[in-house]
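Heads up, the thing below is written out as structure tokens.
Taken together, the values in this text are just the output of simple stated rules run on the coordinates, not laboratory data. This structure is a prediction, so every number in the text was calculated from the model and none was measured. Virtual Cβ from ideal backbone geometry, glycine too; neighbours counted across all protein chains shown.
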Amino acid sequence: MRPALRWDRVHLQFILDLPGLAAHKAAHIAAAAARGGVDSIQVRGKGLGAGDLLRATCLVMDALRDVGLPVPVLVNDRLDVALLAGADGVHLPESGWPPPWAQRCRQLAALAAEAFPGDGPEAASQAATDVAAPRPFAVGRAIHSTAAAALPGTEQLDYVMFGHVFATASKAGLPPRGVAALARAAAAAPVPVIAVGGITPANAAQAVEAGAAGVAVIRAIRDAPDPAAAAAALREAIDRAPRPAPPVGPAAGAKKGRTAGRKEDGRCG
Amino acid sequence: MAQPVDAGPGRHRDLRSRLAVYLLTDPELAAATGRSVVETARAAIAGGVTALQLRAKALPAHRQWELGLELRRLTRAAGIPFFVNDRVDLALALEADGVHLGEEDIPVAAARRLAQAQGRPDFIIGFSTAVLELARQAVADGADYVSVGDLFGTTRKPDAGAPIGTAPLAAMARSVDVPVIGIGGITAATAAQVIEAGACGVAVISCIAASPDPAGAARELAQVVAAALARGRAAPGAGAGREAGRR
């Protein structure tokens, strides 16, 4: 079974921050980001009711299916929303579930996958293509220190997301943790580390050189006049960046085998 | 997708009587009173609270989880139902008796589906609304009880509008076939009105959690509710709603 998330290239995650965006606009931006080459989309709705978060996640997943780019979708914090939307994973805030919860998340996801088998026409057509082959449930987690990269249970995660690496408007006034701290976290973590915080096409290579197996952005795509072009520019920058040897990402990603199934149904409708 | 309302074995058994005095936790109030949520819950259970809900929207998931574990231990020891506000994932992970949802939360039908998927046909779902049509839909989708408020003006819900009084609760109790409880600024002085309007119970926060004597406050409230329910049973036609005459 292929891994939940791809690590054969530097992973690019788009964090889709919903507050302030109409749900259809969010879905439109998600599809554009997928066209631009992102490898996963994390839907985040801090302060939104779970009902709105569920509806928006479903719209995003529908939009990705419509454009034929079933990029894995993770939901921030809310496992219940992720399971109900038929999403591909959950991203745990550092203040959320502790790392050992990854297995519990996957157990709940496996039960949900069993109970909601894919049987719609979309499932049939997508099953024929490699991109929709069974995919295990992904569990990532945010961290803000090198120590957190080595917490017990971290090895069960698909990735940890370390930040903020560079200065960013969403953490105004807080000093960035910097590339050196990112390198330490990447060395300490038993799983791929995704760098987040102020990542741009201009500085993304620095994160990759420091050992990040991926980068994540919010505004760089969301607020761009052309989100697809913005994603493509990031894609190009990280694909060109020299990766340190041995590559942390693929090695760490490859050693994990997941068993949870993925369903491709029209549950959102 | 939702199972019929009475599909869950035992889901409705004694639910009406179990909702008589229903305490919601409030970590901010706990901080203000200097008494922990767990201490208040323990005292309130000793005083006669019949149901407990973990409501801690401002706390991150892992804190809600830790608090939930302690509260679940207390409620299991006392044999009373334990509910979690809003988060179906947390409720299922804690093996709570149910979840309480509002109009902005995960739809009742979806929560019911998730509970079934996790092998919990007994999972109880409560729904907050004062709108009859939303309540009827929620019940059709698998809600087991309805909570109506803000009756008298709560101080614990910043987004609550003007208090609505007991008339909408009476209308609700006549309109849906599941237990109805009242919420919002209820005290021992007003609890009887709520029962007389057709509720089978009262949900409270401050009345118990802000009291210097939470066990005493719970005891007083439980006595008022029990007496009002007994009067309703003695004169089944007298209440505004049919709930007063039912068990």
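With neighbour counts taken as other beta-carbon atoms within 10 Å, the residues A:Asp17, B:Asp26 rank, fewest first, as A:Asp17, B:Asp26.
Basic side chains Lys and Arg get +1 at the Cβ, acidic Asp and Glu get -1 at the Cβ, and with that the dipole of segment A:11-254 about its Cα centre reaches some 600 debye. Taking the Cα centre of the protein assembly as shown as reference, the dipole from Cβ charges on Lys and Arg (+1) and Asp and Glu (-1) amounts to some 680 debye. Taking the Cα centre of segment B:15-235 as origin and assigning +1 to Lys and Arg Cβ atoms and -1 to Asp and Glu Cβ atoms, the resulting dipole is close to 460 debye. Between the C-alpha center of segment B:98-114 and that of segment A:1-51 there is a gap of 24 Å. Farthest towards the positive end of the charge dipole of segment A:11-254, among the residues A:Ala150, A:Val67, A:Phe14, is the Cα of A:Ala150, using unit charges on the Cβ of Lys, Arg, Asp and Glu.
If you take the beta carbon distance between B:Ala140 and B:Ser36 as r and set R0 to 30 Å, what does 1/(1 + (r/R0)^6) give as a FRET efficiency, to the nearest 0.05? Before the final figure, lay out the partial values.
Numbers: r = 39 Å, r/R0 = 1.32.
Using R0 = 30 Å, I get an efficiency of 0.15.
Close lysine pairs were tallied over the protein assembly as shown: pairs 8 or more places apart or on different chains with Cα atoms under 28 Å apart number 11.
Distance from the alpha carbon centroid of segment B:141-219 to that of segment A:58-72 works out to 43 angstrom.
Rounded to the nearest 500 deg cm²/dmol, what is the calculated helix-only ellipticity per residue at 222 nm for chain B, with -39500 (n - 2.57) per DSSP H run of length n ≥ 4?
Working: 11 runs with 106 residues, N = 247.
Value at 222 nm, helices only, nearest 500: -12500 deg cm²/dmol.
Of interest is the spacing of the C-alpha centroids, which for segment A:194-216 and segment A:166-192 amounts to 9 Å. Note that segment B:52-59 has calculated 3J(HN,Hα) couplings of 9, 10, 7, 10, 8, 4, 7, 8 Hz, one per residue in order, obtained from phi through the Karplus relation 6.51 cos²θ - 1.76 cosθ + 1.60 (θ = phi - 60°); glycine and proline are x.
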